[in-house]
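What follows is a set of notes on a single structure, which appears directly below.
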Amino acid sequence: FVSINSNLSSDQWRTTDDLLKSFPGRSQLLQFIRSSLLREAGLEYDEDIEPALGDEIDFVWLDFAAGGDNVVAVTNPEDEDAFRRLVERANRSDEVGDDVVIGEVDDWLVLADSQEKVDRFVEQAGDEDKLADDPIFTAALDELPDEALVTAYARGEDLVLAFQELAQGAGAVFQLDPDRRPEFLAAALAAENEGLRLVGAARS
């Protein structure tokens, strides 16, 4: 699970902007993004991008199979219509077969490169067990900053299974002491007045 802070008015992004002001190329970079990259795509930041952003964009790996391709994005945009227009425009510009599919779970939009992945996530999201209620997940978040630009979490059991499959594919043996199996790996990138701080946490 990877969560990206997409609220550009948040304290984290304000602090990041303050940090960038110490670099002489900041204004040129922002001008390049707004005038060159966005306009080449036929987009305006104030009209097309900003209204479509919510507080966060989350990426959820359903499992580690298929080379890590079984992933969906989940977001709650400030303006859903603006977000859908943005996706539609991106789909028109993409090659055939690269379209983004949108589903819904409560007030959240689910995006993936196939309807199968969207349906699978929606089905799993309807289960009683929620990630937010998992004591291992909450213990991992307790080790990280309360506010961050990016937060990442992986359950140790799933990582072990993924490494075992990789090892078997390479003809190797991957074994861990049953009493020392990892419970989680987590990390966060946070903006602070002095700079960016990367925090990692693990527990076995």
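A few points about this structure:
Table: residues versus (1) among the aromatic types (F, W, Y); (2) at pLDDT below 85; (3) more than 30 Å from Q12 (Cβ to Cβ).
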site	(1), (2), (3)
A139	no, no, no
D146	no, no, no
Y153	yes, no, no
V173	no, yes, yes
L176	no, yes, yes
P182	no, yes, no
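- The stretch 83-94, subset open to solvent by 70 Å² or more (accessible area, probe 1.4 Å) and modelled with pLDDT of 80 or more, residue farthest from N7 (Cα to Cα): R92
- Search result, residues across the stretch 122-139 that are in contact with a Leu (Cβ under 8 Å, 6 or more places away or on another chain) and open to solvent by less than 30 Å² (accessible area, probe 1.4 Å): F137
- Matching residues in the stretch 45-82 - criterion: being surrounded by fewer than 12 Cβ atoms within 10 Å (Cβ to Cβ) and modelled with pLDDT under 80: D46, E47, A66, G67
- Flag if D146 is part of a loop (DSSP other than H, G, I, E, B) and either in contact (Cβ under 8 Å) with a residue 40 or more places away in the chain or open to solvent by 30 Å² or more (accessible area, probe 1.4 Å) (or both): yes
- Residue within the stretch 151-168 that is farther than 22 Å from S6 by Cα and in a loop (DSSP other than H, G, I, E, B) present: no
- Of residues in the stretch 149-163 being in contact (Cβ under 8 Å) with a residue 12 or more places away in the chain and over 11 Å from F184 (Cβ atoms), the one most open to solvent (accessible area, probe 1.4 Å): L161
The values are calculated or read from the model by the stated rules, or taken from the named source; none is laboratory data. All figures in this text were calculated on a predicted structure; none of them were measured in a lab. Counting neighbours? That spans all protein chains shown, and the Cβs are built from the backbone with ideal geometry, glycine included. To get the accessible areas, we keep the full protein, side chains included, count just its heavy atoms, and leave off ligands, DNA and RNA. Shrake-Rupley method; radii C 1.70, N 1.55, O 1.52, S 1.80 Å.
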